Amino acid sequence: MKKRVKIICAVCLFISLLVVVPGPTSQAQHARIADRAEQVEVSFVPGRVLVKFRPGVPGFSAKDPMAEVGARDAGEIANTDVHLLELPEGADEEAMVRAFEARADVEFAELDRIVPPAEMVPNDPLYVSSDAWSLRRIAAPSAWSTTTGSNSIIVAILDTGVDGLHEDLASKMVPGWNIYNNNSDARDVYGHGTKVAGAAAASSNNSTGVASVAWGCRIMPIRISDASGNATYSAMANGLNWAADHGARVANISYIASNSSTVSSAARYFQSKGGVVTASAGNNSTFDSSADNPNVLTVSATDQWDVLSYFSNTGNNIDLSAPEASYTTKNGGGYGYAGGTSISAPIVAGVAALMLSANPSLTATQVQDILKQSADDLGSTSWDSSYGWGRVNAARAVGIASGGGASDTTAPTVSFTSPAGGSTVSGTASVQLAASDNVNVASVSLSVDGVSLGTDTSAPYTFAWNTTTAPNATHTLVASATDAAGNTASASIQVTVGNLSDATPPAISITSPAADARVSSNVSVYVSATDDRGVVKVELYVDGGLTATSTSAPFMTRWNARKAATGTHVLQCKAYDAAGNVGTSASVTVYK
């Protein structure tokens with residue numbers, strides 16, 4: 001008898017979960033969830049457990065011990081073999097999950113967790129910038145030279161819905177579905193989904209609003225949330241199924257969902273249809289120790305300096321990182337700045353859509369592999385738990401994809417056009433380089449004696465080298481070219497710097513303060529300093545003593561006159577050129 005009581009108590013935890021099954025949720029079920037939510041802070045659907053039985057096992061039946069105490073199979077999420085089991089009133093859901101996990105015939109069991117959107121809204125006004133740094137950071141402009149996206153590639157936005165009437169989204173929409181209410185009304189009820197959709201594929205190059213990653217692709221709105229923006233694992237899984245069966249090639253979930261086995265099962269089905277799933281890592285500054293999910297690309301956030309954002313989650317499941325923020329579309333029209341991994345994930349989704357636009361024959365595995373291979377490695381060498389395989393690089397990813405999807409292992413070529421090796425140069429020398437690649441050259445850089453002179457990202461690759469700052473001797477110039485896949489090549493020459501002997505000192509005069517001026521506190525001393533080879537340093541002397549030095553134009557120096565004695569003081573400046581010649585200014589007398 002005691003054993004039966006324990007079973008009854010354990011099963012009494014299955015019945016208060018939010019019902020998102022292949023049919024509509026009843027009003028009674030919604031009311032029941034709301035009633036329990038008022039009593040406790042619910043982080044999962046009360047009264048429901050998600051269970052997948054092992055292959056060959058008949059699954060849940062009327063003869064199951066759990067069924068005998070009131071648990072009921074409310075349906076199966078298509079293409080996943082995951083059952084939604086409803087529990088009797090008052091059941092302990094977590095205890096029931098443990099009970100199912102202990103069974104040999106169960107592959108996994110989990111709560112149908114309710115997940116808030118991975119949203120991050122900066123509150124610092126200086127955080128907001130009007131430039132599109134996120135698009136430039138991922139080299140999107142270079143990728144757009146190959147494709148801006150095909151209207152045959154559909155990106156499904158599994159979120160709070162999408163404002164299909166927005167001026168930068170209306171022309172992009174395809175029919176979607178409302179999983180939460182089981183109808184076709186996929187309008188945005190919270191505002192999160194419209195921001196996410198705009199980051200991935202808003203209309204662009206139309207003199208209106210914002211630019212997006214894959215502006216030529218189309219958007220499929222899949223509403224998975226309630227009116228407060230929260231969504232369940234089961235809704236996400238059903239949304240992936242619907243999107244896969246209706247032609248989507250990319251699906252984005254800007255929620256923390258990668259650690260759900262149910263979502264992973266649906267993502268596996270989405271992949272089997274040739275699609276790629278992206279998801280947010282989250283904005284809680286926490287480490288997720290769960291294993292990597294091979295069916296979902298989990299994305300962390302980076303800032304405009306390519307540093308992991310302070311709020312971004314990290315973990316074993318991080319695959320890629322992407323910029324944290326972007327100007328994007330707002331629910332009801334207009335535009336605003338949005339941030340967090342909610343934006344990072346659709347940026348990666350947009351890059352995947354560009355790749356599939358360039359080469360629709362790519363498999364889901366190929367897309368994932370290329371995204372990882374082509375990313376800019378920002379953290380520890382190779383994969384790490386903060387950046388994954390690196391920050392996504394659209395140009396490299398699209399370059400590999402358009403080349404057939406195979407890894408590009410061919411390095412570019414680079415050579416010096418001018419000057420010729422062994423020649424003598426003087427003054428400002430123009431260094432001209434030529435570079436080519438089987439796909440495309442991403443950048444060309446130049447160094448002199450191991451010191452970088454700069455990087456150029458577009459032909460003609462030309463650099464100006466001021467040889468007057470170098471000694472008259474032989475110097476080694478090294479040119480390096482990098483292609484979209486990260487392959488590099490280099491070439492080097494040696495040239496001799498032969499500038500004429502410089503015996504002419506710089507000309508210098510003090511322009512402020514004026515002679516006989518009265519001064520107090522901190523005194524800014526300005527000079528006019530010129531030289532045929534360039535001034536490299538200016539010194540300020542007060543009453544004959546060295547007081548301050550400046551090594552860059554406009555060579556302003558400061559004198560703290562607070563502790564100086566009352567009376568007259570003499571200011572004089574010296575200017576130095578690269579050859580060590582010294583010019584001295586006329587003295588200026590001031591009074592304190």
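The values are calculated or read from the model by the stated rules, or taken from the named source; none is laboratory data. Quick caveat, the model's predicted, so the values are computed rather than measured. For neighbour counting, all protein chains shown are included, and Cβ atoms are generated from backbone atoms with ideal geometry for every residue, glycine included.
For segment 542-578, how many residues are crowded, with 19+ Cβ neighbours inside 10 Å and either among the aromatic types (F, W, Y) or in a loop (DSSP other than H, G, I, E, B) (or both)? Residues meeting the conditions: 4. Restricting segment 521-536 to residues that are touching a Ser or Thr at 6+ places or on another chain (Cβ under 7 Å) and in contact (Cβ under 8 Å) with a residue 60 or more places away in the chain, the residue that is farthest from T428 (Cα to Cα) is V536.
Within segment 339-365, residues that are in the same structural domain as G388 (by TED's automatic domain parsing) sit with their Cβ atoms under 7 Å from residues that are of a type in the set (D, E, K, R) and at pLDDT below 95, at 6+ positions apart or across chains, in these pairs: G339/E324; G340/E119; G340/E324; S342/E119; I343/E324; S344/E324.
Of all residues in segment 467-490, which are of a type outside the set (V, I, T) and either modelled with pLDDT of 85 or more or outside any loop (DSSP other than H, G, I, E, B) (or both)?
Across segment 467-490, the qualifying residues are A470, P471, N472, A473, H475, L477, A479, S480, A481, D483, A489, S490.
Applying the criterion of being of a type outside the set (A, V, I, L, M) and out of contact with any Asp or Glu (no Cβ under 9 Å at 6 or more places or on another chain) to the residues of segment 491-502, the residue that is modelled with the lowest pLDDT is S501.
Among the residues of segment 139-151, those that are in a loop (DSSP other than H, G, I, E, B) and over 21 Å from T194 (Cα atoms) comprise A139, S145, T146, T147. For A565, the requirement of being of a type outside the set (S, T, Y), out of contact with any Phe, Trp or Tyr (no Cβ under 9 Å at 6 or more places or on another chain) and closer than 24 Å to S501 by Cα is not met. V210 falls short on exactly one of the conditions (1) β-branched (V, I, T); (2) farther than 25 Å from L378 by Cα; (3) free of Cβ contacts under 8 Å to residues at least 60 places away in the same chain; (4) surrounded by fewer than 24 Cβ atoms within 10 Å (Cβ to Cβ), and that condition is (3).
Just give me the residues in segment 547-572 being over 50 Å from the mean Cα position of the chain (by Cα) and not β-branched (V, I, T), in sequence order. Listed by number, the residues that qualify are A561, R562, K563, A564, A565, G567, H569, L571, Q572.
Here is the figure for segment 284-323: residues that are under 14 Å from S385 (Cβ atoms) and among the charged types (D, E, K, R) total 3. Among residues of segment 112-137 being modelled with pLDDT of 85 or more and buried (at least 22 other Cβ atoms within 10 Å of the Cβ), the one that is nearest to Q304 (Cα to Cα) is S134. Restricting segment 50-75 to residues that are modelled with pLDDT of 80 or more and in contact with a Pro (Cβ under 8 Å, 6 or more places away or on another chain) leaves a set whose member that is surrounded by the fewest Cβ atoms within 10 Å (Cβ to Cβ) is G75. Name every residue in segment 163-175 that is surrounded by 19 or more Cβ atoms within 10 Å (Cβ to Cβ), in contact (Cβ under 8 Å) with a residue 60 or more places away in the chain and not acidic (D, E), in order of residue number. Listed by number, the residues that qualify are H166, L169.
Return yes or no: is A459 hydrophobic (A, V, I, L, M, F, W, C) and surrounded by fewer than 19 Cβ atoms within 10 Å (Cβ to Cβ)? The answer is yes for A459. In segment 580-592, the qualifying residues are those that are surrounded by 18 or more Cβ atoms within 10 Å (Cβ to Cβ) and of a type in the set (A, V, I, L, M), and the one that is farthest from D516 (Cα to Cα) is V588.
Remark: pairs (first residue in segment 295-312, closer than 27 Å to R249 by Cα; second residue basic (K, R) and in a strand (DSSP E or B); Cβ separation under 8 Å; 6+ apart in sequence or on different chains) = T302/R391.
Right, T467: touching a residue at least 24 places away in the same chain (Cβ under 8 Å), over 31 Å from the mean Cα position of the chain (by Cα), surrounded by 15 or more Cβ atoms within 10 Å (Cβ to Cβ) and over 14 Å from T413 (Cα atoms) or not? Considered against the rule, which asks whether it is touching a residue at least 24 places away in the same chain (Cβ under 8 Å), over 31 Å from the mean Cα position of the chain (by Cα), surrounded by 15 or more Cβ atoms within 10 Å (Cβ to Cβ) and over 14 Å from T413 (Cα atoms), T467 comes out as yes. Applying the condition of being assigned to a loop (DSSP other than H, G, I, E, B) and surrounded by 17 or more Cβ atoms within 10 Å (Cβ to Cβ) to segment 511-533 and asking which residue is modelled with the highest pLDDT yields P513. In segment 243-284, the residue that is nearest to C217 (Cα to Cα) out of those that are in contact (Cβ under 8 Å) with a residue 60 or more places away in the chain and β-branched (V, I, T) is V250.
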